Amino acid sequence: MKSHYRVVVIGGGVVGASVLYHLAREGWSDVCLIERSVLTAGSSWHAAGGFHALNADPNIAGLQAYTIDLLSEIEKESGQSVGMHMTGGMTLAGTPDRWEWLQAAYRTFQSIGIEDVHLITPEEAGELCPIMSTHGILGGMWAEREGYIDTTGTVHAYAGAAKKRGAQVIEHNRVLELNQTAEGWEVVTEKGTITCEHVVNAAGLWAKQVGRMAGIELPVSPLNHHYLITDTIPEIAALEKEMPLVVDLEGFTYMRQDQKGLLLGIYEIDHQHWMMDGAPWEYGFELQQEDPDRIENELTLGFQRYPVLQEAGIKSWVNGAFTFSPDGNPLVGPVRGKPGYWCACAVMAGFLQGGGVGKSLAEWIVHGEPEADVFGMDVARYGDFAENKEFIRQTTGQFYTRRFVMTYPNEQLPAGRPLKMAP
């Protein structure tokens, strides 16, 4: 470990590894990533790993499309498999308003050049996913470039490709404190002190603590998220090709194949915060106890949508934490009043958006601005008002609960009000 780097990235998840890779790709090889444990020892290892085209913000959708393209590139460059399953995917509409919204989203995708997307009928949806009940479905949107990846392999692919371009990855080395200097930052770690011009907070579940080391109160909070994996299901084992990724917005579930079984993920209405001040430093490869009672209503909808679940055994439950911002979008960019301190936090869809976040932040650091319009991700959208813990609790919980709820233009939501008002 050297004593000086141009950039130090703190955090060994998919976002930190992507930032490191993109900095090296911009020609800055004098950069390092510091991880307190090992790569993926946070949210990355237990993420479901799905990727899809749909996002309400077309700029973010464009960055997601970039990430999907990038995955095969880093696999080739690093020699590390990302376990790509390009199964295709569909988003289902079960109300007239949702169906209208999907049709509008389809036209938006066409206008920004995202191809291989088209609208489908309920009958077509049933043919594409034979184990699914089409009861209550009005239509859907099919995207060819959707599926899932191996999350651990993907993080190692980003890191491996970065190392081939000269970057360094330092594991088992916790950052203890950050001190601002005239030249940049002093990063005090368990293995010694490093100086750098720029420090990037990509610490995921530990972003809160790494922010506080620099006197910054970031509006982030971890929330628990459930999914289950079944044993082998005969109807799935008998299929000739892999099932698509399916997002059932009215049912609050997403589904994909897992080996010869099924993975069902749930955005529960009755949300649950976890460790709002950041995860314990020794936490890493643990999970929380599953809580089926809390997600009973969503489970019932899932079991109705996929009737094969009613006879299937459950192989494993995952109830693990991911970090969220008040509006669900990442916190990316420079922090005002802290020259050289950058954020890449609250990227709850890290495997879907991590490539775009890493690209944009690296361009911002190296060239002074990102190529894409990342206004929706800029950390500067939150001021001092967002340091209020009750505001963070209410707004992150509201976003999580409404993850699959239909939204409307100019809708005013109750959480966090009336904290900041017009004069």
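The values are calculated or read from the model by the stated rules, or taken from the named source; none is laboratory data. Everything numeric in this text was worked out from a predicted model, so none of it was measured. No Cβ is skipped: glycine too gets one built from the backbone with ideal geometry, and neighbour counts run over all protein chains shown.
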Close pairs (7 angstrom Cβ cut-off, 6 or more residues apart or separate chains): of a type in the set (K, R) and modelled with pLDDT of 95 or more in the range 382-395, buried (at least 19 other Cβ atoms within 10 Å of the Cβ) and not in a helix (DSSP H, G or I) anywhere: R393/S221
First in the range 397-414 and modelled with pLDDT of 95 or more and part of a helix (DSSP H, G or I), second anywhere and of a type in the set (G, A, S) and buried (at least 16 other Cβ atoms within 10 Å of the Cβ), Cβ under 9 Å, 6 or more apart: G397/S221; G397/A415; Q398/A415; Q398/G416; F399/S325; F399/G328; F399/A415; Y400/G328
Selection count where residues are at positive phi and under 17 Å from the mean Cα position of the chain (by Cα), scope the range 205-251: 0
Condition met for G88 (in contact with an Asp or Glu (Cβ under 6 Å, 6 or more places away or on another chain) and at positive phi): yes
Count of residues meeting criterion [within 11 Å of E268 (Cα to Cα) and under 23 Å from the mean Cα position of the chain (by Cα)] in the range 295-307: 3
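For the range 296-337, give me each residue that is part of a loop (DSSP other than H, G, I, E, B), within 29 Å of P219 (Cα to Cα) and not β-branched (V, I, T). Walk me through it before giving the result.
Kept after step one, since they are part of a loop (DSSP other than H, G, I, E, B), are these residues of the range 296-337: 306, 312-313, 325-330, 335-337.
From what's left, within 29 Å of P219 (Cα to Cα): 325-330, 335-337.
S325, P326, D327, G328, N329, P330, R336, G337 - these are the residues of the range 296-337 that are part of a loop (DSSP other than H, G, I, E, B), within 29 Å of P219 (Cα to Cα) and not β-branched (V, I, T).
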Among residues of the range 89-122, those that are in contact (Cβ under 8 Å) with a residue 40 or more places away in the chain, buried (at least 16 other Cβ atoms within 10 Å of the Cβ), in contact with a Gly (Cβ under 7 Å, 6 or more places away or on another chain) and not in a strand (DSSP E or B), counted: 2
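So which of S37, S18, S44 ends up being hydroxyl-bearing (S, T, Y), surrounded by fewer than 24 Cβ atoms within 10 Å (Cβ to Cβ) and touching a residue at least 24 places away in the same chain (Cβ under 8 Å)?
On the way: S18 fails: surrounded by fewer than 24 Cβ atoms within 10 Å (Cβ to Cβ); S44 fails: surrounded by fewer than 24 Cβ atoms within 10 Å (Cβ to Cβ).
Selected residue: S37, the only one of S37, S18, S44 that is hydroxyl-bearing (S, T, Y), surrounded by fewer than 24 Cβ atoms within 10 Å (Cβ to Cβ) and touching a residue at least 24 places away in the same chain (Cβ under 8 Å).
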Helices (runs of 4 or more DSSP H) wholly inside the range 149-262 that include at least 1 residues being within 30 Å of L299 (Cα to Cα) and among the polar types (S, T, N, Q): 151-164
Which listed residue is over 19 Å from S3 (Cβ atoms), touching a Phe, Trp or Tyr at 6+ places or on another chain (Cβ under 6 Å) and surrounded by 22 or more Cβ atoms within 10 Å (Cβ to Cβ), from A214, A207, A162: A162
Any chance V357 is within 30 Å of W28 (Cα to Cα), modelled with pLDDT of 95 or more and assigned to a loop (DSSP other than H, G, I, E, B): no
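Considering only residues that are of a type in the set (D, E, K, R), closer than 20 Å to S43 by Cβ and modelled with pLDDT of 95 or more, look in the range 244-276 and name the one that is surrounded by the fewest Cβ atoms within 10 Å (Cβ to Cβ).
Here the residue is D258.
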